[in-house]
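Read through the structure below, which is laid out as structure tokens, and then see the notes.
Bear in mind these aren't lab numbers, they're just calculated from the coordinates by the rules spelled out. Bear in mind the structure is a predicted one, so any value in this text is a computation, not a measurement. Cβ sites come from the backbone with ideal geometry, for glycine too, and all protein chains shown count toward neighbours.
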Amino acid sequence: MAPALHVIAGPGPGQLATMAHPVHEPWTPQELGALAKAGVEVLVSSAEPGPDTAGIEVVPFPSADSTAQEAGPVVALAIRLAREVRAGRFVVTQSAPDNGRSTLLATMTLALLGIRPGEALRRISPSGEVTPDWLHDFVANN
């Protein structure tokens, strides 16, 4: 089964996408194989990848006890992902229906790639599930 990727229009040369995957379900070799076949090179995920990642670099999504503790590592990850996209790599962030962390990470990454915050948010999530103030605060301070 092909992965359901939401590829986000960006400034390239690499690509940025999000995809839904349950947080508490590990990735199967078939899922990772399908992502690798689609060209995915970096996967940011809260779910465990298992021993066979099909050549994909799986980066754990930062987690902490509070949003304040999580902010620094998430900003650092967004900076890294922007660098990966600039280098031509295909980056995917895992999203889950119960939070907007992946949307926020992808929006921050696009902002670092030079896309205005409001436009970045529209490209990722027309429903605007991330609080826009967080995004504007990030851009103002980075």
Quick one: which residues, 5+ away or cross-chain, put their amide H under 5 Å from the amide H of Val59? H built at 1.01 Å from N. Leu43, Val44, Ser45
With R₀ set to 22 angstrom, the calculated FRET efficiency between the beta-carbons of Lys37 and His6, to the nearest 0.05, is 0.80
After finding the eigenvalues of the alpha carbon gyration tensor for the stretch 14-78, what semi-axes result from the square roots of 5 times each, listed largest first in whole Å? 23, 14, 9
What is the set of long-range amide H partners of Phe90 at a cut-off below 5 Å, with H atoms built 1.01 Å from backbone N? Gln15, Glu41, Val42
Would you kindly derive the ³J(HN,Hα) couplings of the stretch 25-42 from the backbone phi angles with the Karplus curve 6.51 cos²θ - 1.76 cosθ + 1.60 (θ = phi - 60°), listing them in order in whole Hz, with x for Gly and Pro? 9, x, 6, 8, x, 5, 5, 5, x, 5, 5, 4, 4, 6, x, 5, 10, 10
Order the peptides 9-21, 46-58 from the highest to the lowest mean number of other Cβ atoms within 10 Å of their residues. 9-21, 46-58
Per-residue HN-Hα couplings for the stretch 83-88, Karplus 6.51 cos²θ - 1.76 cosθ + 1.60 at θ = phi - 60°, whole Hz, x for Gly and Pro? 5, 5, 5, 4, 7, x
